[in-house]
Amino acid sequence: MIKKPETRRRHGVRAAITGVHGYLPDYVLSNAELAALVDTSDSWIVERTGIKERRILKGEGLGTSHMASAAVKGLLEKTDTSPADIDLLICATTTPDFVFPSTANLVCDMVGIRNVGSFDVQAACSGFLYALTVAAQFICTGQARKVVVVGADKMSSIIDYTDRATCVLFGDGAGAVMVEPAPGRHGIIDAIIRSDGAGMPFLHQKAGGSRMPPTAETVAKRLHYVHQEGAAVSKIAVAKMAEVAADLIKRNRLTAEKIDWLVPHQANRRIIDATAERMGVPLDRVMITIHKYGNTTAATIPLCLWDYESRLKPGDKLILAAFGGGFTWAGAYVTWCYSLAR
């Protein structure tokens, strides 16, 4: 049975994405450079992942907040918004600067946003869509007028660059969106968030939390890096991303032909292609950035929107879908509300 939509207008209000901006570090890590570190090659990486390069944040003491704050600053400038006008900031990240305070707190301080609610959302690669869904509720209930949602990750900080299975996949980056009451009938029409904790063994970070705090032994055993069982994750990711997209299409009385853009999490080109094929959406209507950015975890979907923003027009129907460690997965049906030339 298909449930009723979870994101609905209340009191005549619908939430909408009214601006998007991204940030990518300057340093480009190429496949050739990775081939000098592990037993791999450019052709091997491209064939299996579709990735040609990824961005890496370099510099002592620089964390996720530095990328997130740059994306948020750019968003505020682009939308001509004063920091004083923001009511709430939500940061989706798997690589916070600290256990506490939250990265959202740090970002607010760095961009001059004061005396508002701010918090982190941790749902791995689905984090941005989880945070976007939360933001929409604040708008729809009238508790906020302007909410910033930023997805950001410094994945290079938890990647083992001696592990060929994971080091070729991930990059660093940040993307931010402004969420406001919809200026018209378009906006965030529907959203779904899901999880299954039984997926933990297949994709997780073994040490560093309260279950296994950091020790000299955990560091020596390289337990603070991403652990992923690629084949199992890939199979489930395709199934769940396609499933959540299909649910959104069905319960909103759409068809694949009516979808202008599929915006999938950029985990692996094979996963993107398989998800699009299962949904029946041709690749010329799929946002793809993995070849140049890799998997930036919570940043992939907002970076896609930023990359394709100039091609979007009011009324375009977008299906956003993501899958992440834990397991988590999520989707959103959005009708775009503006053009870049506004």
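Annotations
- Solvent exposure ordering (accessible area, 1.4 Å, most first) of Glu47, Glu277: Glu277, Glu47
- Restriction of the trypsin sites (Lys or Arg not before Pro) in the range 136-203 to DSSP coil positions whose beta-carbon has at most 16 other beta-carbons within 10 angstrom yields Arg145, Arg185.
- Nonpolar atom fraction for the chain, defined as the carbon and sulfur part of the 1.4 Å probe accessible area, stands at 52 percent.
- Nonlocal amide H pairs with Gly187, under 5 Å, H built at 1.01 Å: Thr335
- Its relative contact order, with pairs defined as Cα atoms under 8 Å and 6+ residues apart, puts the chain at 26 percent.
- Within the range 19-39, backbone nitrogen closer than 12 Å to the virtual label 7 Å beyond the Cα of Thr162 toward Cβ: 38
- Distances between every pair of Cα atoms in the chain, grouped in 10 Å steps from 0 to the bin holding the largest one, split as 6, 27, 36, 23, 7, 1 percent.
- Accessible area per residue, Å², the chain with all protein chains present, probe 1.4 Å: 43
- Sequence-ordered 3J(HN,Hα) estimates for the range 209-225 from the Karplus curve with 6.51, -1.76 and 1.60 and θ = phi - 60° stand at x, 6, 6, 9, x, x, 9, 4, 5, 5, 5, 4, 8, 6, 8, 9, 10 Hz, glycine and proline given as x.
- Overall form of the range 233-342 per C-alpha gyration tensor (a/c, 1.5; a/b vs b/c): oblate
- Dipole magnitude of the range 163-302, debye to nearest 20 (Cβ charges: Lys/Arg +1, Asp/Glu -1, about Cα centre): 200
- Within the range 205-261, GluC sites (Glu not before Pro) in DSSP loop having at most 14 other beta-carbon neighbours inside 10 Å: Glu229
The values are calculated or read from the model by the stated rules, or taken from the named source; none is laboratory data. Model, not experiment: these values are computed from the prediction. Every residue, glycine among them, receives a Cβ derived from its backbone with ideal geometry; neighbour counts consider all protein chains shown. Areas reflect the complete protein model, heavy atoms only, side chains present, ligands, DNA and RNA absent. Shrake-Rupley method; radii C 1.70, N 1.55, O 1.52, S 1.80 Å.
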